[in-house]
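Beneath this line is the structure, given in structure tokens, with notes to follow.
The values are calculated or read from the model by the stated rules, or taken from the named source; none is laboratory data. As the structure is a computational prediction, the values presented were derived from the model and not from experiment. FYI the Cβ positions are ideal-geometry reconstructions off the backbone, even for glycines, and counts take in every protein chain you see.
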Amino acid sequence: MIKRTRAVISKFIIHKVGNKFNSATNIFSEKTMTFDQESYELMLPFLLKPFANIAQTYRFNHHANIELNEINSYAAQVFENEESFLEVSQHVVNHLFEQSNSAQIKTGDVIIALFDDVEYKDTITNAIGIFKIESKINFFQTHMEDDCLDVYVQKGISTKKLDKGCLIVNYGDDEGKVVLSVDNNNYDAQYWTKNFLNIKFADDSNQHTQNYIEMCKEFSDEIIKEDFGLQEKSKFLAQTVDFFKENEQVNIHDFKNEVFYEDEQKKSLFDDYKKHFEDLNDLVVRNQFAVSPIVLKKQKAKIKTEIKLDTNIQIKLDVDAPDASQEYIEKGFDEEKKMKYYKVYFNEEQ
């Protein structure tokens, strides 16, 4: 997460990137751009706003040596010598062009910018942004012709959404420089983050929290729902969220003891599923880690706890009330109607 209160654009250039499969070539600018005030005031938030609420960060990756990662190397050159900005920006576009390994990779405008006074973790530093504009919108333009105002259609860049972008912050830890990334046109999951940037998630509390909650969500769908039903699934998810809210540190043994209590069958199923999830996703889910409140909040908003019935009725359970399902809902079978039922207890309608 960055703060852009003081941030300024110190260098800015636009190139066009082509595609090897449709013979579209790169087009390069030969000098950096100078803004008028109105354009600058639109451009700065357009480029930086998407990164303001990103909690999870990346680090550069390479199978042999991190210094051989192209974008990492180019960023280091600019941070060390800002006079290399123009030349490096062209290298970045060439590298992006080489990743167009299929006809579906879109051509577009590539913006490369150097920002000063970006705040990250209470540190004021600089950052390099690389942005690819793939989609343009139609808008009306008016002009005077023969004493009459006429309209015609033009295509332009929308200021509302960034297609693809990354921000390389001149701030590092043991894993290297901090990288933030967005991809709103995710037609190829490998193209931007793996092939072009070659980045991986940072090994921190944000990622540990993300991995664990993702695992619990999939466990609830694939195991709890299938073996024990929707009510138990919703109860498990609510208890998971409650555990993360009440504990600054997650310990897997404490988690299982609290969420599954004395249910040894579910504990065993959870252990087996953890191994399956790790193998399937080629990652390690930590047994102990610090909770990231930001990631928890975002993941909680994505958790669905509805019970949808084939009679066009839905029961929505509050994810913040893990005991409500057990206390106020009963499930049974009506012999006369030959149908299952839920009995819901309440005091007042709200």
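Tabulated data for the structure shown
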item: Residue in the range 54-73 that is in contact (Cβ under 8 Å) with a residue 40 or more places away in the chain, out of contact with any helix residue (DSSP H, G or I) (no Cβ under 9 Å at 6 or more places or on another chain) and farther than 24 Å from Glu134 by Cα present; result: yes
item: The range 177-201, residues that are over 29 Å from Phe139 (Cβ atoms) and either without any contact (Cβ under 8 Å) to a residue 24 or more places away in the chain or in contact with a helix residue (DSSP H, G or I) (Cβ under 6 Å, 6 or more places away or on another chain) (or both); result: Leu180, Ala189, Gln190, Lys194, Phe196, Leu197, Ile199, Phe201
item: Test: Asn94 is in a helix (DSSP H, G or I) and out of contact with any helix residue (DSSP H, G or I) (no Cβ under 7 Å at 6 or more places or on another chain); result: yes
item: Some residue of the range 117-128 being crowded, with 19+ Cβ neighbours inside 10 Å and within 17 Å of Phe28 (Cβ to Cβ); result: no
item: Subset of the range 129-174 that is closer than 23 Å to Lys200 by Cα and surrounded by fewer than 14 Cβ atoms within 10 Å (Cβ to Cβ) - its residue that is modelled with the lowest pLDDT; result: Asp174
item: Residues of the range 248-265 satisfying the condition of being under 19 Å from Glu232 (Cα atoms) and not in a loop (DSSP other than H, G, I, E, B); result: Phe255, Lys256, Asn257, Glu258, Val259, Glu264, Gln265
item: Residues within the range 105-135 that are over 22 Å from the mean Cα position of the chain (by Cα) and not in a strand (DSSP E or B), tallied; result: 2
item: Complete set of residues in the range 218-231 that are part of a helix (DSSP H, G or I), surrounded by fewer than 18 Cβ atoms within 10 Å (Cβ to Cβ) and either modelled with pLDDT of 95 or more or not basic (Lys, Arg) (or both); result: Glu218, Asp221, Glu222, Glu226, Asp227, Phe228
item: Condition broken by Arg4, with the remaining ones in (1) surrounded by fewer than 16 Cβ atoms within 10 Å (Cβ to Cβ); (2) touching a strand residue (DSSP E or B) at 6+ places or on another chain (Cβ under 8 Å) satisfied; result: (1)
item: Residue count for the range 156-192, restricted to those that are within 23 Å of Ala52 (Cα to Cα) and touching a strand residue (DSSP E or B) at 6+ places or on another chain (Cβ under 8 Å); result: 25
item: Any hit, the range 57-77, residues being touching a Ser or Thr at 6+ places or on another chain (Cβ under 6 Å), in the same structural domain as Lys31 (by TED's automatic domain parsing) and in a helix (DSSP H, G or I); result: yes
item: Val284 within 28 Å of the chain's Cα centre (by Cα), loosely packed, with under 13 Cβ neighbours inside 10 Å and among the aliphatic types (A, V, I, L, M); result: yes
item: Some residue of the range 136-155 being touching a strand residue (DSSP E or B) at 6+ places or on another chain (Cβ under 6 Å) and in a loop (DSSP other than H, G, I, E, B); result: yes
item: Hits in the range 48-87 (condition: surrounded by fewer than 21 Cβ atoms within 10 Å (Cβ to Cβ), aliphatic (A, V, I, L, M) and either over 22 Å from Val182 (Cβ atoms) or modelled with pLDDT of 95 or more (or both)); result: Ala64, Ile66, Leu68, Ala76, Leu86
item: Residue list for the range 325-338, filter: surrounded by 11 or more Cβ atoms within 10 Å (Cβ to Cβ) and free of Cβ contacts under 8 Å to residues at least 24 places away in the same chain; result: Tyr328, Glu330
item: Some residue of the range 291-314 being small (Gly, Ala, Ser), out of contact with any Pro (no Cβ under 8 Å at 6 or more places or on another chain) and buried (at least 17 other Cβ atoms within 10 Å of the Cβ); result: yes
item: Hey, Ser158 polar (S, T, N, Q) and assigned to a loop (DSSP other than H, G, I, E, B) or not; result: yes
item: Yes/no for Ser268 being part of a helix (DSSP H, G or I), more than 30 Å from the chain's Cα centre (by Cα) and free of Cβ contacts under 8 Å to residues at least 12 places away in the same chain; result: yes
